[in-house]
Amino acid sequence: MTRVQKRNNKVKFPLIMVCLIFSTVTIIALNLNMDFILNNNIENRELYQDEFSIYLNQPDLTGPNITFIQPNLNYTKIETKSYEVIVNITDENPPSYGNVRVQISNLTNLLINASMTSSGGDIWTYNWENLSTYVNRIFYIIRVWAKDSSPNGTSSLSEAWYVYLDLPRRINLFVLRNILYIITVSLIFAAVCLYINKKTR
């Protein structure tokens, strides 16, 4: 081996050592940085999952919001033989059929407790029929109960709305017939009396 080759070998050896040391340090640094990133991502993901689980398990404590459309005023007067009760019900978990009920009572007794029908969107209706069979000229109370479709099924009861039943008075046929009978008999009696009066003159 010549002197030049020995000198070149002596120069190469330190360079090789420096390269090896630099490579080792670089690999260690990259591994440490990768571990930090992975651990940080895992911690963030676990924290997010915990927060998400808390959010999912949060119970729904707010019942449906019930707003009357018809009647739109308290102490409304009803003058027809049927009346449609209409309400707007809003909730993040809208109620399903059977979970919206209308309750109609007089001042003492519950008379109707029936399911309302969805008309699409947030609108629910109930057709109150045969009003002529109810006691006329008194107040009735209308309330609506609704339960949402959340896992814990939160419910609400609306405020009481008063309506006054004021149907036109029906003519009693029996009384009318008796009145016509009395008028007819009176006319006949008056005619007989007039005839007799003429004969006696």
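The values are calculated or read from the model by the stated rules, or taken from the named source; none is laboratory data. Since the model is a prediction, treat every value here as computed from it, not as a measurement. Neighbour counts are summed over all protein chains in view; Cβ atoms, including those assigned to glycine, are modelled from backbone coordinates with ideal geometry. Quick note on the areas: whole protein, heavy atoms, side chains included, nothing else; ligands and nucleic acids left out. Shrake-Rupley method; radii C 1.70, N 1.55, O 1.52, S 1.80 Å.
Is there a residue in the stretch 139-152 that is among the acidic types (Asp, Glu), out of contact with any Phe, Trp or Tyr (no Cβ under 9 Å at 6 or more places or on another chain) and part of a loop (DSSP other than H, G, I, E, B)?
Yes, because at least one residue in the stretch 139-152 is among the acidic types (Asp, Glu), out of contact with any Phe, Trp or Tyr (no Cβ under 9 Å at 6 or more places or on another chain) and part of a loop (DSSP other than H, G, I, E, B).
Condition first: touching a strand residue (DSSP E or B) at 6+ places or on another chain (Cβ under 8 Å), of a type outside the set (Ser, Thr, Tyr), over 21 Å from Tyr164 (Cβ atoms) and surrounded by 11 or more Cβ atoms within 10 Å (Cβ to Cβ). Can you find one or more residues in the stretch 100-112 that meet it?
The answer is yes; a qualifying residue exists.
Taking interchain pairs and intrachain pairs at least six residues apart, which have beta carbon atoms under 6 angstrom, with the first residue in the stretch 104-118 and more than 18 Å from Asn130 (Cβ to Cβ) and the second open to solvent by 90 Å² or more (accessible area, probe 1.4 Å)?
Between residues of the stretch 104-118 that are more than 18 Å from Asn130 (Cβ to Cβ) and residues that are open to solvent by 90 Å² or more (accessible area, probe 1.4 Å), there is no close pair.
Please go through the stretch 153-173 and give me each residue that is more than 13 Å from Pro64 (Cβ to Cβ) and surrounded by fewer than 18 Cβ atoms within 10 Å (Cβ to Cβ), ordered by number.
Within the stretch 153-173, Glu159, Ala160, Tyr162, Tyr164, Asp166, Leu167, Pro168, Arg169, Arg170, Ile171, Asn172, Leu173 meet the criteria.
Being within 18 Å of the chain's Cα centre (by Cα) and not polar (S, T, N, Q) is the filter; apply it to the stretch 68-80 and report the residue that is nearest to Tyr140 (Cα to Cα).
Pro71
Being part of a loop (DSSP other than H, G, I, E, B) and in contact (Cβ under 8 Å) with a residue 24 or more places away in the chain is the filter here; which residues of the stretch 70-84 pass it?
As a first pass, look at the stretch 70-84 and keep what is part of a loop (DSSP other than H, G, I, E, B): 71-75, 79-82.
Correct list: Pro71, Asn74, Tyr75, Glu79, Thr80, Lys81, Ser82.
Quick check on the stretch 87-96. Is at least one of its residues part of a strand (DSSP E or B) and either of a type in the set (Asp, Glu) or within 23 Å of Leu165 (Cβ to Cβ) (or both)?
yes
Output yes when any residue across the stretch 81-90 is within 46 Å of the chain's Cα centre (by Cα), closer than 29 Å to Lys147 by Cα, at pLDDT 95 or above and among the small types (Gly, Ala, Ser), and no when none is.
So far as the stretch 81-90 goes, yes, one or more of its residues are within 46 Å of the chain's Cα centre (by Cα), closer than 29 Å to Lys147 by Cα, at pLDDT 95 or above and among the small types (Gly, Ala, Ser).
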